[in-house]
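Peer 1: Provided herewith is a single structure, encoded as structure tokens, for subsequent inquiry.
The values are calculated or read from the model by the stated rules, or taken from the named source; none is laboratory data. As the structure is a computational prediction, the values presented were derived from the model and not from experiment. Using ideal geometry, Cβ is built from the backbone for each residue, glycine included, and neighbour counts are taken over all protein chains shown.
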């Protein structure tokens, strides 16, 4: 993909993420943020694994847009879950820590992808780190109990 196509892809990905966040809001409201996150991350693991295997641009775009649909709910539901988990008197501190962890992962994730891609001489293997990070995140979410949910 050339530079213009990459920009178009990024814009389309953001649009589908927004649509996904809006579309999955009712799942968060009805079934909880944890279920929304776990379902979306499971879908992301499958879709991201699939996108690493394709060589056709059309399939890349289709899978990329599907990935966007599930990225949006993870981002919005994670904030919803944080609001439910944070003690009322510590909301500021908890959201501050949440923001800090987002900044750290925004640095560490791409660094890991770059290191693995360089060591293996394969961008696909490097991007596979993202799938591994999703699996780790999903495993960390499983024992979490969402307040007000059983």
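Peer 1: Consider residue 84 against the criteria (1) closer than 30 Å to residue 122 by Cβ; (2) over 18 Å from the mean Cα position of the chain (by Cα): it satisfies all of them except one. Which criterion is unmet?
Peer 2: Only one criterion in (1) closer than 30 Å to residue 122 by Cβ; (2) over 18 Å from the mean Cα position of the chain (by Cα) is unmet by residue 84, namely (1).
Peer 1: Pairs only if they're at least six apart or on different chains, beta carbon under 9 angstrom, first in the stretch 7-26 and under 14 Å from residue 67 (Cα atoms), second exposed (fewer than 14 other Cβ atoms within 10 Å of the Cβ) and modelled with pLDDT under 95; list them, first residue then second.
Peer 2: Close Cβ pairs satisfying both conditions: 9/1.
Peer 1: Taking residue 83, is it assigned to a helix (DSSP H, G or I), free of Cβ contacts under 8 Å to residues at least 60 places away in the same chain, over 18 Å from residue 133 (Cα atoms) and touching a helix residue (DSSP H, G or I) at 6+ places or on another chain (Cβ under 8 Å)?
Peer 2: Working: assigned to a helix (DSSP H, G or I): yes; free of Cβ contacts under 8 Å to residues at least 60 places away in the same chain: yes; over 18 Å from residue 133 (Cα atoms): yes; touching a helix residue (DSSP H, G or I) at 6+ places or on another chain (Cβ under 8 Å): yes.
Spelling it out, residue 83 is indeed assigned to a helix (DSSP H, G or I), free of Cβ contacts under 8 Å to residues at least 60 places away in the same chain, over 18 Å from residue 133 (Cα atoms) and touching a helix residue (DSSP H, G or I) at 6+ places or on another chain (Cβ under 8 Å).
Peer 1: On to the next question. Does the stretch 80-103 include one or more residues that are under 24 Å from residue 64 (Cα atoms) and loosely packed, with under 11 Cβ neighbours inside 10 Å? I'd like the intermediate steps shown before the answer.
Peer 2: Our first condition is that a residue be under 24 Å from residue 64 (Cα atoms); within the stretch 80-103, this holds for 102-103.
Still in the running and loosely packed, with under 11 Cβ neighbours inside 10 Å: 103.
Within the stretch 80-103, one or more residues are under 24 Å from residue 64 (Cα atoms) and loosely packed, with under 11 Cβ neighbours inside 10 Å.
Peer 1: Does the stretch 118-135 hold any residues that are farther than 18 Å from residue 50 by Cα and in a helix (DSSP H, G or I), and which are they? Steps first, please.
Peer 2: Taking the stretch 118-135 first, the residues farther than 18 Å from residue 50 by Cα are 118-121.
Answer for the stretch 118-135, where residues must be farther than 18 Å from residue 50 by Cα and in a helix (DSSP H, G or I): 118, 119, 120.
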